[in-house]
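Working notes, beginning with the structure itself.
The values are calculated or read from the model by the stated rules, or taken from the named source; none is laboratory data. A quick note: this is a predicted structure, and the numbers were derived from the prediction, not measured. Cβ: placed from backbone, ideal geometry, glycine included. Neighbour counts: every protein chain shown. Just the protein is used for accessible areas: all its heavy atoms, side chains included, with ligands, DNA and RNA removed. Shrake-Rupley method; radii C 1.70, N 1.55, O 1.52, S 1.80 Å.
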Amino acid sequence: MKKLLTILCLLLLSPCSYSEDPPLDIDYSIISKTITNNAVALRERALSDNLSVDIVESLTTEVGPRRMGTEGDKRAISWALEKFKELGFDRVWTEEVLLDRGWVRGEAKAEILSPYPHNIVMTALGYSVGTNGDLVGEIVEFKTFAELEAVPEGNNLKGKIAFVSYSMSDFKPHPSQPSMGGYSEGTKARSRGHVTAAKRGAEALIIRSVGTDSNRYAHTGSGYGYEEGVKKIPAAAVSAPDAILIQNILKRETPVIMKMNMTSEIIGPKKGANIIGEITGREPSDQYLVLGAHMDSWDEGTGALDDGAGVGAMMAAAAFIGQMEKRPKRSLRVLLFAGEEIGFYGVNDYMKKHKGALDKHVLGAEADGGGGRVHTLIPGVGETALLVINEMHKLIAPLGIVLSNNNNAKGGSDMSVLGEAGMPALNFSQNSNDYFKYHHTPNDTFDKIIDEDMRYLTAAYSTIFYLAAEMPINFRH
Ligand SMILES: [Zn+2]
């Protein structure tokens, strides 16, 4: 086996230091030998080239935090335009996206006044109003968002601070990905808790941070806004250790009285942009494949994992394809979306502008799960295209990626809006075990990127999207 691999590597004149198994069982009537060889060479190049990491380093160093509509976001847009050009993309442009509100984070302080005085580490959830001075209230705990929802609407929580103590670590649906189900459960209170609590008369909402770490800092998130006609109450996340501390106090003695002071402020409308870079295919066609990531990040870290890693992987994956001897038949576009974190502003605007051109989107996928390796490829394509995906998968199987039996992928994150609308899609499920320790925190910084994992991540996207761009497959259902 090793000898065969060496011969194959010599024939391809490419470094084959990483992947153990050569794809000898490819059905060449489905993927030609030439395309197979090109794909293997591309994969191996991606595995030995640190470009995706360099891109994340550049973005986090030269731009840093980039919440939509902020000065950081403006710098990120200029940065992306320059980076696309530097990487040899043929066409680069922006499409303006409007944001109906801006936000100033301000400061967030909290302390337990009684029965046991403690300082509490807390951060404002995105686009929360401030407390307008000190806000003092009794903490009432709800183990889940559903428990809070079960309180009848009205004044039951008047004078109270509603506390949803749900921990995403309690939810373990799949051994390879312990966090995803718990994450979506946790985001319920994060995104809707303030409105739900206000409808029950509460003065404020606090949640246990949606994350898997035990660090004493809080995870921000959300930003989905308030509901017309419902009182705008402040919303914040406390660190996991502080959530446990509050629970321990509640077990001993009630009432537990907390004082919060947040100077967050909602301000006027802002502008942002989706940034698009294209590697133009060699054959005239108005069809293209789309690789997505989101450009915006939360503001307390530098957005390295969320979603600098996605930006780096997608830009590098397409750049490697663009740097091959021959362009693939069809074009590839990298879509860097605005405002994902605050409610899919960029992709919703993209859908409005490109709705009539949805049939030109051959296949799409988004990287928005940090810098970890892909463990499962999930297709979301027509039945006939599944045969081809099956062969394509063999070329990334040496990266430790299995092919899912499901065929229901929507592309993930922003891209799932296009997937839901009928675009064929792939989901590259990543190892996200570390991701939820850092994301939406001050600790989402470049040092968390693991170079080799990023190369594996980039190799998976690059290989599959080269094959899909080169082969005239109709992926539609
Ligand atoms: Zn993200």
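Between GLU420 and ASN405, residue separation times 0.36 nm minus the direct Cα-Cα distance comes to 3.5 nm. Label zone of ALA397 (point 7 Å out along Cα→Cβ, amide N under 12 Å): in segment 27-50 this covers 27.
What do you reckon, how do ARG45, ARG216 stack up by accessible area (1.4 Å probe), largest on top?
On the way: ARG45 80, ARG216 130 Å².
The ordering from most to least exposed comes out as ARG216, ARG45.
Rounded to the nearest 0.05, what FRET efficiency do GLU111 and GLU82 have when you use their Cβ-Cβ distance and R0 = 41 Å? Numbers along the way, then the final one.
Values: r = 46 Å, r/R0 = 1.11.
Rounded to the nearest 0.05, the efficiency is 0.35.
If the chain linking GLN323 and GLU147 were pulled fully straight, counting 0.36 nm for each residue of separation and taking away their Cα-Cα distance, it would gain 57.9 nm.
Antiparallel beta bridges, as assigned by DSSP with both residues in the chain, represent about 60 percent of the total such bridges. Using the Cα gyration tensor of segment 281-380, with a ≥ b ≥ c the square roots of its eigenvalues, what is the shape: rounded (a/c below 1.5), prolate (a/b larger than b/c) or oblate (neither)? In terms of gyration-tensor shape, oblate.
Relative contact order for segment 102-267: what percent, with Cα pairs under 8 Å and sequence separation of 6 or more?
Values: 418 pairs, mean separation 66.6, N = 166.
Across segment 102-267, relative contact order equals 40 percent.
Leaving ligands, DNA and RNA out of it, report the carbon-plus-sulfur percent of the accessible area of the chain at a 1.4 Å probe. Answer for the chain is 51 percent, counting heavy atoms of protein chains only. Can you give the angle from 0 to 90° between the axis of helix 383-394 and the longest principal axis of the chain, with both taken from C-alpha atoms, to the nearest 10? Approximately 80 degrees, to the nearest 10. Among the listed pairs LYS160/LYS231; LYS33/LYS326; LYS160/LYS188; LYS74/LYS271; LYS355/LYS410, a Cα-Cα separation exceeding 18 Å is found for LYS160/LYS188. Computed from label points 7 Å out along Cα-Cβ, the spacing between ILE257 and LYS74 is 4.6 nm. Just to confirm the number: angle between the C-alpha axis of helix 180-198 and the first principal axis of the chain, 0 to 90 degrees, nearest 10? On a 0 to 90 degree scale, this one is about 40.
Using only helices, what value at 222 nm comes out for the chain when you add -39,500 (n - 2.57) per DSSP H run of length 4 or more and divide by the total residues, to the nearest 500 deg cm²/dmol? Walk me through the intermediate numbers first.
Working: 13 runs with 159 residues, N = 477.
One gets -10500 deg cm²/dmol as the mean residue ellipticity at 222 nm.
For segment 352-434, the square roots of the Cα gyration tensor eigenvalues, ordered a ≥ b ≥ c, give a/c of at least 1.5 with a/b no greater than b/c, which places it in the oblate category.
Taking amide hydrogens as placed 1.01 Å from N in the peptide plane, the amide H of ALA204 sits under 5 Å from those of ALA162, each at least 5 positions away in sequence or on another chain.
Classify the chain as rounded, prolate or oblate, taking a ≥ b ≥ c as the square roots of the eigenvalues of its Cα gyration tensor: rounded when a/c is under 1.5, otherwise prolate if a/b is larger than b/c and oblate if not.
On the way: a/c = 2.25, a/b = 1.95, b/c = 1.16.
Prolate, because a/c is 1.5 or more and a/b exceeds b/c.
Send over a whole-number figure in Å² for the accessible area per residue of the chain, probe 1.4 Å.
Numbers: 18640 Å² over 477 residues.
Computed with neighbouring chains in place, this is 39 Å² per residue.
Taking the centroid of alpha carbons for each part, segment 106-129 and segment 205-274 are 8 Å apart.
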